[in-house]
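Below: the structure, in C-alpha cells.
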Amino acid sequence: MVDPAFTRLSASEDIFRALLEATNSAIIFVGTDGVVSYANRGVRDFFGLEPSSLIGRQRAEFVRGELMHLAAAPESLAARLLLPEDGSREMVVEDITLVRPTHRILERYSAPVGKADGTLHGRIDVFSDVTVGRTLQRNKDDFLSLVSHELKTPVTSIKGYAQLLRRRAEREHPPESTTVAYDVIERQAHKMQELIDVLLDLSRLETGKLALQLEVFDLRALVERVAALVRLTAEEHSIAVDLPAHPVWLRGDERRIEQVVTNLLSNSIRFSPGGGTTRVGMIPAHDRVKIIVADEGIGISPEAQQHIFERFYRAVDLSESTGMGIGLYITRGIVEQHGGTIEVDSQAGQGATFTVTLPLDGAGTMPP
Ligand code: ADP
C-alpha cells in the first residue's frame, strides 16, 4: 500500500510544478554546485531550449553553448549570466537583450534560494519579457527629448525678438498698452523657456545624459550669490546666511550646483506663503560639506516626505505654486551625480529643512 504521506507529498509537488509551468516567465534553478535541477516551459518559449535538456548540466555549459548566441554580443551576455558565481548570496535585477530569433528585452531576476537552516539550496533565475514596456519607455524618453529640444529654439527667438521690438518701441514713446504687451510676451516666453529647461533636464536625467562639467569653485561664494539673487525676488521673506569665514573649494559642476541651491531656496520661499525667514547654513568637514536650507513655511507631512523626490509629485496645491513636481527630482539627480545625498526633515506646519551633503574630493578649504 502506498504511504498516504507520500501521496500527499507527490500531490503537493505536482501543484508546485504546475504553478511554475503556468507562469509567463522562464525559470531556471541551479544548485550551489552550478548544476541545473529545474527548468520550466518558459525556457522553450524564451530561449528555444528543451527544459529537460538542461537538467543535470552545468549552467556554464549551456550559457556558453546554446544561450549566448541569441545575443548580439554573446561574450558579454555569457559573462553577465554566469554572475553571481555559484554559491553567492547576491541578488541581481538586470535587463538583457536578445536578437535571435527576434529582438527581445528580458528582465533577469536572479536570487539565492535559502534553506530553513540558513544554508543555500542554490539560485533561481527568472526571466520576464519586458520588450513592450521598455520600448514604450524609450519612445517616451525620445519624444520628451525631441520635443524639448525642438521647442527651445523658437522660444528663444520669440524672447529675443520681443526684447528687440520693445527696446525699439520705447524710443518712440508708444502707448502704455504696447509696452505692457511686449512685457507680457517676454515674461511668458521666459516662463516657457524655464519649463522647457526643466523638461530637458528631466529628459537628460532619464536617459543618463546629464553630463557634469567639472571644475573647482568656491561653494561659499556660490551660496552667497544665489541667496542675494533670491532675496531680490522675495520681499516678504528674509534670507539669513550663516557661512564659513573661508572659501569652500568644491570640485563639481558650478552651474548645476547653483541650480540645486536656487531650487531649494526658491522652494523655501514658495512654500512659506506667510513670509518668514529662510536660514542657509554650510558646514564643511575634511571630506564633505553640508548645505542646509531651513524655512519656517508650511512643512511637509511624514507621508509626503517619502515622495517629494519623485517625479511629478506635489504634496500641496498652493494656488501660487505653478511647479510641475520635478524640481526636487532633478535636484536629487544632480546631487547624486556629484556623489552626494539630499535629505529632508520636517513636520507639517513647522517648516522644512533640506540638507545636501557633497563630497569634497580633497579640494576642501584649499585654493585650487
Ligand atoms: P514643485 O515645487 O514644482 O511642485 P518640487 O519637486 O520642487 O516640485 O517639490 C515637490 C513638492 O515637495 C512640492 O510640490 C511641495 O509639496 C513639497 N516641497 C518642496 N519643498 C518644500 C518646502 N520647502 N516646504 C514645504 N513643501 C515643500
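The values are calculated or read from the model by the stated rules, or taken from the named source; none is laboratory data. Please read these numbers as outputs of a predicted model, since none were measured by experiment. Here Cβ is always computed from backbone atoms with ideal geometry, including for glycine, and neighbour counts include all displayed protein chains. Side chains are part of the model used for accessible areas, which takes the heavy atoms of the whole protein and leaves out ligands, DNA and RNA. Shrake-Rupley method; radii C 1.70, N 1.55, O 1.52, S 1.80 Å.
A few remarks follow.
- Candidates in the stretch 226-266 are the residues that are touching a residue at least 12 places away in the same chain (Cβ under 8 Å) and of a type in the set (Asp, Glu); of these, the one that is farthest from Thr278 (Cα to Cα) is Asp253.
- Enumeration of residues in the stretch 207-244 that are surrounded by fewer than 18 Cβ atoms within 10 Å (Cβ to Cβ) and of a type in the set (Val, Ile, Thr): Thr207, Val216, Thr233, Val241
- Counting only strands (runs of 3 or more DSSP E) wholly contained in the stretch 31-131, the ones carrying 1 or more residues that are over 23 Å from Asp14 (Cα atoms) and either of a type outside the set (S, T, N, Q) or open to solvent by 70 Å² or more (accessible area, probe 1.4 Å) (or both) occupy 92-98, 104-114, 120-129.
- Restricting the stretch 9-30 to residues that are of a type in the set (D, E, K, R) and open to solvent by 90 Å² or more (accessible area, probe 1.4 Å), the residue that is nearest to Phe62 (Cα to Cα): Arg17
- Some residue of the stretch 323-334 being at pLDDT 85 or above, within 23 Å of Asp201 (Cβ to Cβ) and over 13 Å from the mean Cα position of the chain (by Cα): yes
- Scanning the stretch 325-341 for residues that are more than 10 Å from the ligand (Cβ to nearest atom), under 19 Å from Gly281 (Cβ atoms) and open to solvent by less than 20 Å² (accessible area, probe 1.4 Å) yields Val335, Gly340.
- Pair list, Cβ < 7 Å and 6+ apart or interchain, from the stretch 48-77 residues that are closer than 21 Å to Leu20 by Cα and of a type in the set (D, E, K, R) to residues that are assigned to a helix (DSSP H, G or I) and open to solvent by 60 Å² or more (accessible area, probe 1.4 Å): Glu50/Arg44
- Residue count for the stretch 156-211 under the criterion of being over 30 Å from the mean Cα position of the chain (by Cα), of a type outside the set (D, E, K, R) and assigned to a helix (DSSP H, G or I): the result is 17.
- When Val223, Val216 are checked against the criterion of being over 25 Å from Phe309 (Cα atoms) and touching a residue at least 60 places away in the same chain (Cβ under 8 Å), a single residue qualifies: Val216.
- Count - residues of the stretch 52-88 that are β-branched (Val, Ile, Thr) and closer than 19 Å to Thr102 by Cβ: 0
- In the set (1) open to solvent by less than 20 Å² (accessible area, probe 1.4 Å); (2) under 21 Å from Thr355 (Cα atoms); (3) within 23 Å of the chain's Cα centre (by Cα), the condition left unmet by Glu258 is number (1).
- The stretch 268-284, subset touching a residue at least 24 places away in the same chain (Cβ under 8 Å) and assigned to a loop (DSSP other than H, G, I, E, B), residue nearest to the ligand (Cβ to nearest atom): Phe271
- Within the stretch 285-302, the set of residues being buried (at least 20 other Cβ atoms within 10 Å of the Cβ) and away from the ligand (no atom under 12 Å from the Cβ) comprises Val289, Ile291.
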